[in-house]
Amino acid sequence: MKRQWWQEKVAYQIYPKSFYDSNGDGIGDLQGIIQKLDYLKELGVDILWLCPIFNSPQADQGYDISDYYNIHPDFGNMTDMEELIAEAKKRDMYILMDLVVNHCSDEHEWFQKAIADPDGEYGQYFYIEEVSDGKIPSNWRSYFGGSVWEKLPGHDNKYYMHLFHKKQPDLNWENPKVRSEVQRIVNWWLEKGLGGFRVDAITNIKKALPYKDYPADRADGLCVIQKMLVDAGGPGAFLHELKEKTFKPYHAFTVGEAFDVPEQEMPNFVGDDGYFSTIFNFSTVAIGKSGKGWYDRQAVQPEQYIQALFDAQEGMNKIGFVANIVENHDEPRGASHYLPKGECTEKGKKLLGLLSFMIRGIPFIYQGQEIGMENTTFESLAEIDDIVTYDEYEVARQAGLSEAEALRAVSHYSRDNTRTPMHWEDTENAGFTSGKPWLKVNPNYPRINVSQQRADQNSVFHFYKALIALRKSPEYKETIVFGDFVPNRQVPKDVMAFYRVSDQQKLLVLANFKSAAETIDLPQKLIKVLLNNDPEQSIEEQNGKIHLSGYQAVVLEVDRN
Ligand code: TEU
Ligand code: CA
């Protein structure tokens, strides 16, 4: 594998709206991020991915962009953005923006011009179809509910396609003009000194044409979009061109949000000359999902979590890096979701963090994960500001759940669980804002917040600091970043065990993913304990065995032979 500047870094995802509000309007902003750069530096992260801050009507919290060249006034202005890039640079940090180009906003001037003249140049920027018999071109269900086809305003027999919300019309990547517009946007921002991009929903840009119906999978007569995406055969050619003309000349770091990439395609996506530097591993996110909707989603079992991590690592040693996450802005909090009920403890949170850092790849921390933030409880839909949760609530109601049941079902999976404001202090609104926060603050902030965790050497925060420091330590960096991942399956059920191996060293990672203690055979001599998430139980080798307490997770250096 070719060595790249970003491989040994640690990334951190910021949800700007909920990170830190510098001016009391209840909305996090760019100046707020600048004020917290020293905190992020103290934690030890290097690459900061900002969820979208462009001009947008905010139908999908900024994932509907109406102007790619301007900052939404809620977040600040271009001077603030330039200041953020410069201040990050001073601290050897890099800023990633969110590149949302599968679709734009229906309020973008391209779409407005397409409405004005669907047969003109801008009509070709989108997927617009004339319908003669009232029958829409295909029965694909949008990710956010309902058909992907929506009437083009002012044109009774014309429809446009949106794989996400109707305020997010899909851009037609088959049109070379669209592709060059995208290249222009990317290079314009890279010229400003960005480190790179997180690339949104990118496997959706290639559509299976001509349109056709697939067998319906729900009572609405529609079918999941994945059926079409498989037929489309992948966006390879588009992505290759994009990389060559934008990312590559700038040595940008890019992380693709690419779902369902077939195994044999991985080298094309993240190999030495791949379309992206890395793509997220969503194997854990997929566990328990149901085709029926969130209301039917199943709780995650530890063995499934362990297996999902193993699956994602398979074959990757010689190919490239995946980007490892515990949670993101589209998912519930990992601690609340992946740890069995009643086990959402500091120890469990550290276990999840340790695994995501010690498997091979580049770790991403989602804001608040480093202090162990948890899901909140939503008492009504009015406390939620997310179109997906609204849709899933309707799906649950249509399936026969009562209002209360539907709310309970979607509440646990709501994307707003991770979007509640960051907890800085044990003061009003968790120190996030002096005004009224745009989304409710999790009431557990007096117990879980940055200032309390900073003062406690055994906190989740200090554990993340230690994980980052270990990954960067001159002594272990080579093994942790580049070493092979080798599963060890000779362990009791619900224990995850694997080695990281380089020419110099062998590390053994053990995580006991259950409340009962375990005894583990140690096939190699123990040299050193590098990390231990249980301050109450130190690790000692006894006759070739060690004991792990419930949810204990450790990194051990063992004899190479
Ligand atoms: O998400 C892409 C995506 O596939 C989503 O449908 C995801 O599966 C869903 O949010 C789970 O509930 C990206 C962004 O991460 C998301 O925030 C945006 O809403 C979406 O694209 C549209 O831009
Ligand atoms: Ca603000």
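Using the Cβ-Cβ distance between Lys90 and Asn444 with R0 = 41 Å, the FRET efficiency computed as 1/(1 + (r/R0)^6) comes to roughly 0.75. Taken about its Cα centre, segment 233-300 carries a charge dipole of roughly 280 debye when the Cβ of each Lys and Arg holds +1 and the Cβ of each Asp and Glu holds -1. Overall dimensions of segment 227-275, expressed as equivalent-ellipsoid semi-axes from the Cα gyration tensor (√(5λ), whole Å, largest first), are 21, 12, 9. Under the convention that each Lys and Arg Cβ holds +1 and each Asp and Glu Cβ holds -1, the size of the dipole of the chain around its Cα centre is about 1460 debye. Specify which residue in the list Val10, Tyr20, Leu40 is farthest towards the positive end of the charge dipole of segment 1-64, using unit charges on the beta carbon of Lys, Arg (+1) and Asp, Glu (-1), about the Cα centre. Farthest towards the positive pole: Val10. Global dimensions of segment 35-175 from alpha-carbon coordinates: Rg and Dmax equal 18.8, 63 Å. Taking Cα centre as origin and charging only the Cβ of basic (Lys, Arg, +1) and acidic (Asp, Glu, -1) residues, the dipole magnitude of segment 248-343 rounds to 240 debye. Protein heavy-atom surface of the chain, 1.4 angstrom probe: 47% of the accessible area is carbon and sulfur, with nucleic acids and ligands not counted. Is the C-alpha gyration tensor of segment 199-318 telling us rounded, prolate or oblate? Criteria: a/c under 1.5 is rounded; beyond that, a/b larger than b/c is prolate, otherwise oblate. Verdict is oblate for segment 199-318. Inter-label distance, Ala208 to His240: 2.3 nm, where each label sits 7 Å from its Cα along the C-beta direction.
Got a sec? What order do Lys350, Lys528 fall in by accessible area at 1.4 Å, biggest, i.e. largest, first?
Working: Lys350 15, Lys528 95 Å².
These residues rank, largest area first, as Lys528, Lys350.
How many percent of Cα pairs in segment 103-155 exceed 16 Å? All intermediate terms of the calculation are to be shown ahead of the outcome.
Working: 625 of 1378 pairs.
Considering segment 103-155, 45 percent of its Cα-Cα pairs are separated by more than 16 Å.
The alpha carbons of segment 141-180 stretch over 30, 24, 13 Å along the principal axes, in descending order.
Please work out the average accessible area per residue across segment 25-147, using the 1.4 Å probe convention, and give it in Å². Walk me through the numbers before you get to the answer.
Details: 4290 Å² over 123 residues.
Per-residue value: 35 Å².
Here's the picture: charge each Lys and Arg Cβ at +1 and each Asp and Glu Cβ at -1 in the chain, and of Leu309, Ala116, Val131 the one pushed furthest to the positive end of that dipole is Leu309.
The heavy atoms of Lys167 offer some 50 square angstrom of accessible surface to a 1.4 angstrom probe. Centre-to-centre separation between the Cα atoms of segment 494-509 and those of segment 1-61: 32 Å.
Loop-only check: which trypsin sites (Lys or Arg not before Pro) in segment 1-66 are DSSP coil with at most 14 other Cβ within 10 angstrom? The partial results should precede the final answer.
On the way: sites: Lys2, Arg3, Lys9, Lys17, Lys36, Lys41; in loops: Lys2, Arg3, Lys9, Lys36.
Hits after loop and neighbour filter: Lys2, Arg3.
Summarised in one figure, the compactness ratio Rg/Rh of the chain, Cα atoms and Kirkwood Rh, is 0.96. Note on Phe310 and Glu403: the model spin-label points, each 7 Å out from Cα along the C-beta direction, lie 4.7 nm apart. Taken over the Cα atoms of segment 463-507, the convex hull encloses 78 Å³ per residue.
The distance from the alpha carbon centre of segment 439-487 to that of segment 321-363 is 11 Å, rounded to a whole number. Once Lys and Arg get +1 and Asp and Glu get -1 on their Cβ, which of Ala216, Trp188, Gly233 lies farthest toward the positive end of the dipole of segment 180-234? Projecting each Cα onto the dipole axis, the largest value belongs to Trp188. The C-alpha atoms of segment 122-251 occupy a region whose extents along the principal axes are 49, 31, 23 Å, arranged from largest to smallest. Heavy-atom accessible area with a 1.4 Å probe sorts Glu174, Glu327, Glu428, largest first, into Glu428, Glu174, Glu327.
State, as an integer percentage, the relative contact order of segment 397-532 based on alpha-carbon contacts under 8 Å between residues 6 or more apart.
It rounds to 12 percent for segment 397-532.
Could you give the length gained on full extension between Lys472 and Gln226, defined as 0.36 nm per residue of separation minus the Cα-Cα distance, in nm? Provide the component values of the computation, followed by the final result.
On the way: separation 246, 0.36 × 246 = 88.56 nm, distance 3.89 nm.
Length difference between fully extended and current span is 84.7 nm.
From the cross-link list Lys341/Lys472; Lys113/Lys206; Lys36/Lys347; Lys245/Lys349; Lys347/Lys440; Lys90/Lys506, which pairs have alpha carbons spaced over 31 Å apart? Beyond 31 Å between Cα atoms: Lys341/Lys472; Lys245/Lys349; Lys90/Lys506. Ordering Tyr338, Tyr393 by accessible surface, largest first, gives Tyr393, Tyr338; the 1.4 Å probe counts only protein heavy atoms, with every chain in place. Per the Debye calculation on segment 272-382 with a single equal scatterer at every Cα and no solvent contribution, log₁₀ I(q)/I(0) for q = 0.16, 0.24 Å⁻¹ amounts to -0.78, -1.50.
What is the sum of charges around Thr79, taking Lys and Arg as +1, Asp and Glu as -1, for the other residues whose C-beta is under 13 Å from the C-beta of Thr79?
Values: positive: Lys192; negative: Asp29, Asp80, Glu82, Glu83, Glu87.
Local net charge: -4.
The heavy atoms of Arg218 offer some 70 square angstrom of accessible surface to a 1.4 angstrom probe. Pairwise Cα distances in segment 367-478 exceed 21 Å in 50 percent of cases.
Taking all protein chains together and rolling a 1.4 Å probe, Asp503 ends up with roughly 140 Å² accessible.
The values are calculated or read from the model by the stated rules, or taken from the named source; none is laboratory data. Worth saying up front: this structure is predicted, and the values here are computed from it rather than measured. Using ideal geometry, Cβ is built from the backbone for each residue, glycine included, and neighbour counts are taken over all protein chains shown. Only protein heavy atoms, including side chains, enter the accessible area calculation; ligands, DNA and RNA are left aside. Shrake-Rupley method; radii C 1.70, N 1.55, O 1.52, S 1.80 Å.
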